[in-house]
1. Counting only DSSP beta bridges with both residues in the chain, tell me the antiparallel percent, nearest 5.
2. Which ordering of ARG52, ARG81 is given by a fewest-first count of other beta-carbon atoms within 10 Å?
3. Find the Rg to Rh ratio for the chain, where Rh is the Kirkwood radius over alpha-carbon pairs and Rg uses the same atoms.
4. Just want the ordering: ILE90, ILE2, from fewest to most Cβ atoms lying within 10 Å of their own Cβ.
5. Go ahead and collect, in residue order, the members of the range 1-28 whose backbone nitrogen is under 17 Å from a label point 7 Å along the Cα-Cβ direction of ASP87.
6. What do you get for the angle between helix 37-54 and the principal long axis of the chain? Use alpha-carbon atoms, 0 to 90 degrees, nearest ten.
7. Spelling out what I want: for every residue of the range 65-70, take phi, set θ = phi - 60°, compute 6.51 cos²θ - 1.76 cosθ + 1.60 (Karplus), and round to whole Hz; glycine and proline get x.
8. Note down the relative contact order for the chain as a percent, whole number, built from C-alpha pairs under 8 angstrom at least six residues apart.
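Every number here is computed from the coordinates shown, using simple stated rules; none is lab data. Quick caveat: nothing in here was measured; it's all calculated off a predicted structure. Please note: Cβ atoms are built from the backbone with ideal geometry, for glycine as well, and neighbour counts cover all protein chains shown.
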Amino acid sequence: MIVRILTEGQYEVPDSLVDHLNQLDNAVLASLDSGHEEEFRVSLNALLGAVRTGGEPVAHDYLGPSDATLPYADATVEEVRALLKPDGLIPG
């Protein structure tokens, strides 16, 4: 799976990490629903950190599509809501 972090780049994430990313995605969604800004920041940073540490950066000249697009770390709640798809930020 190719995951793009806005303003940062793309990462190739192994299939073995997708379930964990979906758990972290669910935490982001729950924090958005609850309206807790601090929980939102913690869960978003955990999701981004998991992509950065578990994925491999994709070459800058790669022109293929991303399977998921994540916000940058300082994104607002409104910016994250704009990126949401029916199944969250991470497909599946």
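1. 70 percent
2. If I rank by nearby Cβ atoms, fewest first, I get ARG81, ARG52.
3. Rounded to two decimals, Rg/Rh equals 0.94.
4. By the 10 Å Cβ count, ascending, the order reads ILE2, ILE90.
5. Flagged as within label range: 1-4, 13-28.
6. Taking the Cα atoms of the chain, the angle to 37-54 is about 20 degrees.
7. The phi angles translate into x, 9, 7, 8, 10, 10 Hz.
8. 41 percent
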